[in-house]
1. Could you give me the ³J(HN,Hα) list for the range 111-123, computed from phi with Karplus coefficients 6.51, -1.76, 1.60 and θ = phi - 60°, whole Hz, x at Gly and Pro?
2. Give me log10 I(q)/I(0) at q = 0.17, 0.18, 0.23, 0.25 Å⁻¹ for the range 91-143, Debye formula, one equal scatterer per alpha-carbon, no solvent.
3. How big is the range 52-167 by Rg and Dmax over its Cα atoms, in Å?
4. So who's got an amide H within less than 5 Å of the one on S112, skipping anything under 5 residues away but keeping other chains? H placed 1.01 Å off N, in plane.
5. How large is ³J(HN,Hα), in whole Hz, for each residue of the range 36-45 in order, when computed from phi with the Karplus curve 6.51 cos²θ - 1.76 cosθ + 1.60 and θ = phi - 60°, using x for Gly and Pro?
6. How large is ³J(HN,Hα), in whole Hz, for each residue of the range 28-33 in order, when computed from phi with the Karplus curve 6.51 cos²θ - 1.76 cosθ + 1.60 and θ = phi - 60°, using x for Gly and Pro?
7. Each label point is 7 Å from the Cα along the Cα-to-Cβ direction; what then is the distance between the points at I164 and K134, in nm?
8. Assuming R0 = 41 Å, can you tell me the calculated FRET efficiency for the pair R91 and L58, based on Cβ-Cβ distance, to the nearest 0.05?
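Each reported figure results from applying straightforward, stated rules to the coordinates on display, with no laboratory input. Quick caveat, the model's predicted, so the values are computed rather than measured. Positions of Cβ are generated from backbone atoms using ideal geometry, with glycine treated the same way; all protein chains shown enter the neighbour counts.
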Amino acid sequence: RHVPEDIATLLSMTQPLKLRGFQKWDVFCEAVHNMMTNPLLPADGRGVMVALRPAPGLRVEQAVTLCRPNRTGDIMTIGENRLVLFLSFCRINDLDTALNHIFPLPTGDVFSNRMVWFEDKQITSEILQMQAVKPERWTTPLPITTGPETVMNVEHDGRSWRRIPEPIRLAETHGEHAS
Ligand code: C2E
Ligand code: C2E
């Protein structure tokens, strides 16, 4: 059926809100940029963007496997050794609450540095800088992040995530060969 053009435009503007979880760098930037320019969303209440730098010894593609957004509209990407997360409609005062819902471990244990943007202007200006980053600097996630086997040994008890201990085999470090 024919959809009037203005309705089609309105519908397309709500699309980024349907995304969730890991996005390629350019898709992430485009989605956040679209939200910032969407007149249907409340000014300066569209969400919070946070960039997290992994603690020494942890790679960003490892850290991102701990990032499990539940809410539709919560998206993240990785590049330049940082994880950038956009939390739709989250208020700045609720950032820690939201991060506790999203990470099974305290974020202070996983990340050593955090930068936060919560006004449309700040977010847009950071997105413009991110869009200038060359594809060579985008980080490819480990297969586990995008594959079908993404279940972690964690359980949500209604308030927060709890880890369930599970035996693991310590072998096959990246880049090493057993024989
Ligand atoms: P959704 O927004 O995509 O959220 C998916 C799931 O993420 C929720 O499942 C919940 O487990 C978790 N979640 C998202 N935001 C929050 C939050 O602010 N606090 C907490 N504690 N958990 C959160 P759930 O509860 O089964 O909800 C399913 C869907 O129903 C949600 O999808 C949303 O579309 C709608 N919904 C449920 N409760 C609310 C609400 O209070 N306000 C709004 N606007 N929508 C709600
Ligand atoms: P809010 O979105 O205004 O939600 C207020 C409260 O409504 C939440 O308190 C939660 O009790 C309930 N609620 C909202 N959405 C859902 C839902 O989809 N499912 C369920 N079961 N409950 C829901 P809570 O959890 O203490 O969160 C406080 C605030 O923290 C939220 O305010 C939101 O601004 C932020 N937040 C929390 N979790 C998330 C998240 O997963 N993603 C984002 N983007 N923001 C979150």
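1. Rounded to whole hertz, the list is 10, 9, 8, 9, 10, 10, 10, 9, 9, 3, 4, 4, 5.
2. For the range 91-143, the Cα-only Debye profile gives -0.82, -0.90, -1.09, -1.08.
3. 14.6, 47
4. R53, A55
5. Values per residue, Gly and Pro as x: 5, 9, 7, x, 7, 9, x, 4, 6, x Hz.
6. Coupling constants for the range 28-33: 4, 4, 4, 5, 5, 4 Hz.
7. Rounded to a tenth, the inter-label distance reads 4.6 nm.
8. Given R0 = 41 Å and the Cβ-Cβ separation, E is 0.90.
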